[in-house]
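Quick notes on the structure that follows.
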Amino acid sequence: MQNARKLRYKQRLSLPLPDKPRLIEAAKIEPLIYGKYRLGVLMDAQLGVSGLHSLNFDNRFVGSLPGDPETDNHRRQVNAACYSRVMPQPVAKPELVAYAREVAELLDLSPADCTTSDFAAILAGNHIIEGMEPYATCYGGHQFGNWAGQLGDGRAINLGEIVNRVGQRWALQLKGAGPTPYSRTADGLAVLRSSIREFLCSEAMHHLGVPTTRALSLVRTGEDVVRDMFYDGRPKAEPGAVVCRVAPSFTRFGNFQLFASRGEIDVLRQLVDYTIETDFPDIGAPSKENYVAWLAEVCRRTAIMIIDWMRVGFVHGVMNTDNMSILGLTIDYGPYGWLENYDPDWTPNTTDAGGKRYRFGHQPQIALWNLVQLANAIYPLVEEAEPLEQALGEYARSFEQGWQEMMRRKLGLDSIDGAADMSLITELLEVLPLVETDMTIFYRRLAELRTDRDLDEAECLALLADAYYVPEQLNAGYTTRLHVWIQSYVTCLRGGAVPDDERKARMNTVNPKYVLRNYLAQLAIDEAETGDYKMVNELLQVLRTPYAEQTKYDQYAAKRPDWARERAGCSMLSCSS
Ligand code: AMP
Ligand code: MG
C-alpha cells in the first residue's frame with residue numbers, strides 16, 4: 001500500500017481549498033417551465049402511440065439529491081448541487097440511424113416501438129414525454145493527472161430513470177442534445193462520427209462481456225456541427241447526431257471528487273449514501289464502515305472492467321477520473337481504440353501522444369491512481385486513511401487474481417501452477433510485441449494448435465501467419481523464440497487433460513473473432529456520412545456474437561489494411577467529437 005499512500009498525499013496537496021458547504025433542498029424547487037416545455041407534460045398531443053409513452057419513470061436521482069435552484073440554461077459554476085435541470089435543444093430533422101433491440105428490451109420496448117417517427121424525435125431530444133425530468137449532473141475530475149475543477153455533463157442530458165417490468169433501474173441519457181450549464185466553452189453537441197463510435201462500441205463491449213454503459217439509439221439531427229478535428233485551425237462542418245445511452249447510473253468518480261474539493265461535505269455524504277442505497281444495496285446501510293466496504297467493492301468492479309479491457313485489447317484513451325464509472329462500467333467512448341498489432345505502449349489518442357498516460361499497458365495502474373482519487377474524495381466521510389488504504393488494496397488483489405485467471409482462459413490452460421506457468425504467460429507477452437502481431441487473430445489462431453505432435457519453426461509461423469502484419473520482420477531470432485515458446489506451451493497443454501477440440505472451443509469463448517477494429521468503425525462512418533447506414537447496422541449485427549465464427553462476415557475479422565495504418569480515425573483520434 002505504499003504507492004497508494006504516496007499518491008494519496010500527492011493528491012491531497014493538489015486539491016483546491018474548500019468553499020463553504022451550502023445545501024439546496026430539492027423539494028423547494030419550483031417546477032421548470034422552459035420555452036414551450038413544462039416538465040413532466042407531454043407537449044405534442046399529435047405524437048403517435050408508442051411504448052415510450054408507457055415507460056415507467058421513477059426519477060430517484062433528482063427526487064433524492066440536492067439540485068441547482070437556478071433553471072436558466074447558462075454556463076456557470078454550480079455549487080452544492082448534484083444536478084441542474086435543463087432541456088434538450090430540439091433539432092431540425094431527427095432520423096434514426098440505428099437502435100439496439102436488446103437495449104430496447106431492457107426498457108420493455110418492442111422493435112415496433114423503436115421504428116416510429118416519435119421514437120427518433122424523442123431520442124433526439126425534440127419531445128419531452130410524461131415522466132421525463134431532464135437534467136445534467138455536476139462533477140469534476142482529474143484530466144491527464146491534473147485537477148480540472150468543475151466539468152459536469154457538458155453535452156449529456158439525462159431524461160430520467162425507468163424501472164422496467166422486472167424491477168431494474170435504467171437511466172436514459174442523451175449525448176449531444178445541446179448545451180447545459182456545464183458546457184463551458186463548447187457547444188453541447190456531438191458529431192455523427194463520434195456518435196457512431198460510441199453507439200457501436202458500447203454494444204460491442206457488452207456482447208464481448210465487458211461491463212459497459214449501453215446505447216439504445218443513434219439519431220442523426222439533420223444539423224451540422226463544426227469541429228476542428230485535429231485542432232489545427234481547419235474547422236469543418238460535420239453531420240450532428242445524438243446517442244441515447246442507458247445505464248443503471250452515470251455517476252462518475254468525479255461526482256464525488258467535486259464535492260470533496262469544495263468542502264461540500266453534506267452533499268458528498270448525500271451522494272455517497274444515495275449511491276450505496278440505490279446501486280450497492282448489498283453493502284448495507286451507509287456508515288463509516290460501509291463507506292470503506294463500498295470503496296472496496298468499487299475497486300473490485302474496476303479491476304474486473306480493466307481485466308476485460310486487457311483481455312479484448314481495448315484502449316479507453318481518456319481515463320480521466322470524470323470518465324470512471326462508479327459502477328465499474330466502461331463509460332465515455334471518445335478517442336478509444338482497439339489493439340491491432342499487440343503494442344502495450346499504444347494509445348489511439350493524439351491528445352495524449354506525448355506522455356501516453358493512457359496507453360494500453362498502463363491502464364491497470366491508471367485505474368488504481370483514479371481509485372486513490374476516489375478514496376481521497378470520501379476521506380472526509382471516513383476520516384481515517386488506514387481503512388481506505390486497506391480497501392484500495394482490494395484493487396491489486398482482484399486485479400492480480402483476475403488477470404491470471406483471464407490469461408489462463410485466453411491460453412486454454414487447465415490451471416496455473418507455479419512459476420513455470422507464469423513464465424509461460426510473461427514470455428508470451430514479451431514475444432507478442434517483437435513483431436507486429438494482430439492480437440485478436442493471434443489468439444484465435446493459437447486455439448487451432450494441435451498437441452498430438454511437435455511443430456517445427458516453419459509450422460509455427462504457418463499456424464500464426466494470418467496474425468502478422470510485416471512478413472519481413474519474421475527473422476530467425478524471432479522465429480526461434482516463438483518456436484521455443486510454442487514448445488513450452490504444448491508441453492504445458494499436454495500436462496493437462498483437456499482434448500484439443502475442447503480447448504479450442506473454450507479459448508474461443510474468451511478470445512473474440514470480431515472486435516470493432518478502428519478501420520471498420522471508420523469505414524462505417526464514411527458510409528454513414530453519405531446517408532448509407534448499412535455498414536453501421538451490419539457491424540452492430542456481427543458484433544452481437546463476437547465469439548461465433550459467422551463465416552459470412554469473415555471480412556470483418558480481417559486485420560487492418562495498410563491504408564488504415566496512419567489514417568485519421570483509424571490509428572489516430574483526437575478528443576474532438
Ligand atoms: P470528455 O473528454 O468527452 O470526457 O469530456 C470532458 C468534459 O468536457 C465533460 O465535462 C464533457 O461534458 C465536456 N464536453 C466534451 N465535449 C463537449 C461539447 N461538445 N460541448 C460541451 N461540453 C463538452
Ligand atoms: Mg467524459
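The values are calculated or read from the model by the stated rules, or taken from the named source; none is laboratory data. Being a predicted model, the structure only gives us computed values, none of them experimental. Cβ coordinates were reconstructed from backbone atoms using ideal geometry, including for glycine residues, and neighbour counts include every protein chain displayed.
Quick check, is residue 334 closer than 30 Å to residue 561 by Cα, more than 16 Å from ligand 2 (Cβ to nearest atom) and not aromatic (Phe, Trp, Tyr)? Considered against the rule, which asks whether it is closer than 30 Å to residue 561 by Cα, more than 16 Å from ligand 2 (Cβ to nearest atom) and not aromatic (Phe, Trp, Tyr), residue 334 comes out as no. The number of residues in the stretch 145-160 that are within 20 Å of the chain's Cα centre (by Cα), among the hydrophobic types (A, V, I, L, M, F, W, C) and within 10 Å of ligand 1 (Cβ to nearest atom) comes to 2.
Every condition in (1) touching an Asp or Glu at 6+ places or on another chain (Cβ under 7 Å); (2) closer than 20 Å to residue 337 by Cα is met by residue 479 except one, and the failing one is (2). Please verify whether residue 220 is basic (Lys, Arg), touching a residue at least 24 places away in the same chain (Cβ under 8 Å) and within 16 Å of ligand 1 (Cβ to nearest atom), treating the condition exactly as stated. In short, no. Taking (1) within 16 Å of ligand 2 (Cβ to nearest atom); (2) hydroxyl-bearing (Ser, Thr, Tyr); (3) in contact with a Ser or Thr (Cβ under 6 Å, 6 or more places away or on another chain) in turn, residue 137 satisfies each apart from (3). In the condition set (1) within 15 Å of ligand 1 (Cβ to nearest atom); (2) in a helix (DSSP H, G or I), residue 303 is compliant with all but (1). Taken together, 328, 317 contain a single residue that is within 22 Å of the chain's Cα centre (by Cα), within 16 Å of ligand 1 (Cβ to nearest atom), touching a residue at least 40 places away in the same chain (Cβ under 8 Å) and in a loop (DSSP other than H, G, I, E, B), which is 317.
Of the residues 130, 102, the single one that is surrounded by fewer than 19 Cβ atoms within 10 Å (Cβ to Cβ), at pLDDT below 95 and either polar (S, T, N, Q) or out of contact with any Pro (no Cβ under 8 Å at 6 or more places or on another chain) (or both) is 130.
The helices (runs of 4 or more DSSP H) found entirely in the stretch 415-500 that carry 2 or more residues being under 25 Å from residue 361 (Cα atoms) and of a type outside the set (D, E, K, R) are 418-431, 439-446, 476-495.
In the stretch 142-167, how many are at positive phi and buried (at least 19 other Cβ atoms within 10 Å of the Cβ)? Number satisfying all stated conditions: 2.
Residue 467 meets the conditions (1) surrounded by 17 or more Cβ atoms within 10 Å (Cβ to Cβ); (2) more than 31 Å from the chain's Cα centre (by Cα); (3) farther than 30 Å from residue 302 by Cα in every case but one. The failed one is (2).
Determine whether the stretch 382-393 contains at least one residue that is under 22 Å from residue 257 (Cβ atoms) and outside any helix (DSSP H, G or I). Among the residues of the stretch 382-393, at least one is under 22 Å from residue 257 (Cβ atoms) and outside any helix (DSSP H, G or I), which makes the answer yes.
Among the residues of the stretch 540-552, those that are out of contact with any Asp or Glu (no Cβ under 9 Å at 6 or more places or on another chain) and not in a loop (DSSP other than H, G, I, E, B) comprise 541, 542, 551, 552.
Those helices (runs of 4 or more DSSP H) of the stretch 47-124 in which at least 2 residues are under 16 Å from residue 164 (Cβ atoms), considering only elements entirely within it, cover 101-106, 111-114.
Regarding the stretch 516-526, can at least one residue be identified that is touching a strand residue (DSSP E or B) at 6+ places or on another chain (Cβ under 8 Å), farther than 28 Å from residue 97 by Cα and outside any helix (DSSP H, G or I)? No.
Of everything in the stretch 240-257 that is assigned to a loop (DSSP other than H, G, I, E, B) and more than 12 Å from ligand 1 (Cβ to nearest atom), the residue that is surrounded by the most Cβ atoms within 10 Å (Cβ to Cβ) is 251.
Any residue at all in the stretch 488-500 that's at pLDDT 95 or above, of a type outside the set (A, V, I, L, M, F, W, C) and touching a helix residue (DSSP H, G or I) at 6+ places or on another chain (Cβ under 7 Å)? Within the stretch 488-500 (the criterion being at pLDDT 95 or above, of a type outside the set (A, V, I, L, M, F, W, C) and touching a helix residue (DSSP H, G or I) at 6+ places or on another chain (Cβ under 7 Å)), the answer is yes, since at least one residue qualifies.
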